[in-house]
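Chemist: Could you have a look at this structure, given as structure tokens, before my questions?
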């Protein structure tokens, strides 16, 4: 709600609090903790703080992969997708078989 109102600083404080409470309640490797980390990363992305969002996304992805598996739809559609999104923003996602960032396209050598 706060992010929709563009109150990102306030949202960040609440997401940090929610993450701390969730981690204390459920433990550092619980799926709810991963979700809170991902929400916290969302707010940092909204603030263009990608370097801060990346380790949060990576940790959330690692928790989800360990709990659900790398091929689980939730792992792939939310956590992996969000992690790759931050890598792209930081221009750190080279695609396999290419010399540049971005997916291969027709006519571009692989």
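Chemist: Pick out the one residue from 70, 110, 24, 20 that is at pLDDT 85 or above, surrounded by fewer than 15 Cβ atoms within 10 Å (Cβ to Cβ) and not in a helix (DSSP H, G or I).
Modeler: One residue alone meets the criteria, 70.
Chemist: Something else about it: Would you confirm whether or not region 28-51 contains a residue that is free of Cβ contacts under 8 Å to residues at least 24 places away in the same chain, surrounded by fewer than 13 Cβ atoms within 10 Å (Cβ to Cβ) and in a helix (DSSP H, G or I)?
Modeler: Among the residues of region 28-51, not one is free of Cβ contacts under 8 Å to residues at least 24 places away in the same chain, surrounded by fewer than 13 Cβ atoms within 10 Å (Cβ to Cβ) and in a helix (DSSP H, G or I), which makes the answer no.
The values are calculated or read from the model by the stated rules, or taken from the named source; none is laboratory data. Note that this is a predicted model, so its numbers are computed, not measured. Reconstructed Cβ throughout: ideal geometry from the backbone, glycine too, with neighbour counts over all protein chains shown.
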